[in-house]
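Throughout, read-outs are computed from the coordinates displayed, never taken from laboratory work. Just so you know, these numbers come straight off a predicted model, no measurement behind them. Here Cβ is always computed from backbone atoms with ideal geometry, including for glycine, and neighbour counts include all displayed protein chains.
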Amino acid sequence: MKKYTLGLLVLLGCSEVETPAPVAREVNFSGIEVQDFQLGGPNSRVKAEDWKHIFERYAELEITNVASGQTYTLPFDPNDFQHPYNINLPEGEYTATTAQAGEGIIPNLPFTAEESFTVGEERVNLTLNAETSYGLVTVQNEFLESAALVVEGERYELVRTLDRENYFFYVPGGTTAELQIIDHFDQDTVRRDLTIGTREHYHFFLFIPENGRVDGIELRMMSEKMRNDE
C-alpha cells in the first residue's frame, strides 16, 4: 500500500512598511541686518535709512539639519531682498550660517551671520543678524574734487556710491588713517586724522563759512554738525 504525504507549502510574502517622507515646508529668507553703526561722535546713532550697507553680490546660506546633519545651500545677493529667497525643508531644527570675507580697505562690508530656527507647521520668515569688525568712512559729494584715505603711506581713493551722493570705504576697526579731501574750488587739500572704530560710521562734508571762502573751506563730521545745531 502506497502512502502519500501531502506537503503544504505556504509562501509568506514579506513586504517592508514604508516610512512616510518628512513633510517639507517653505522657508523664506528675507534679509540680513547688521548691528547698528554708531556715528563718529558721542551719543549719536546712524539711522537705518541714512546708509544702506553695500555687500559683494554673491553669497551662500548654508543650512544644516541639527538631527541628521543634512546640509542645504541657498545662493543669494545680500544687496537685493526685494523678493525673499525660498527653500523647501523637511520639518525639524536647523542652523543657518553665511559669511563674506574681506581684507584691508574695501568697498563692501565683510560680515558673518548665524541663526537657529525650527521648521514646523507655521511658515518661517528668516532674517539673519550679522556681525562685522569693520567701520565706515563716507564723504558727502559736494564741493568735492576727490577724497582719499592714507594708511601707512598707502593711498586709497574713496569710491562713489551709485547715486553719486557720497564717497566711501569700509575700513578694518582699529585702523589709523589720514583722510585727505581736495576741494572743487581752489584745489586745496584738507586733512583729518582718524582712528576707525569697529561698527562706527564717520560721515564728513565740506562746509563753507558764512563769509564765503575767505577763511577757507572746513571739513566737518556729521556728529560735529549735530552738536552745533543743538
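Classify the stretch 21-179: rounded, prolate or oblate, from the alpha-carbon gyration tensor (a ≥ b ≥ c, eigenvalue square roots; a/c under 1.5 rounded; otherwise prolate if a/b is larger than b/c)?
On the way: a/c = 2.73, a/b = 2.43, b/c = 1.12.
Prolate is the answer for the stretch 21-179, as a/c is 1.5 or above and a/b outweighs b/c.
Using DSSP to call loops (not H, G, I, E or B), can you name the chymotrypsin sites (Phe, Trp or Tyr not before Pro) in the stretch 82-180 whose Cβ has at most 16 other Cβ atoms within 10 angstrom?
Working: sites: Tyr85, Tyr94, Phe111, Phe117, Tyr134, Phe143, Tyr156, Tyr167, Phe168, Phe169, Tyr170; in loops: Phe143.
Listed in order of number, the matching sites are Phe143.
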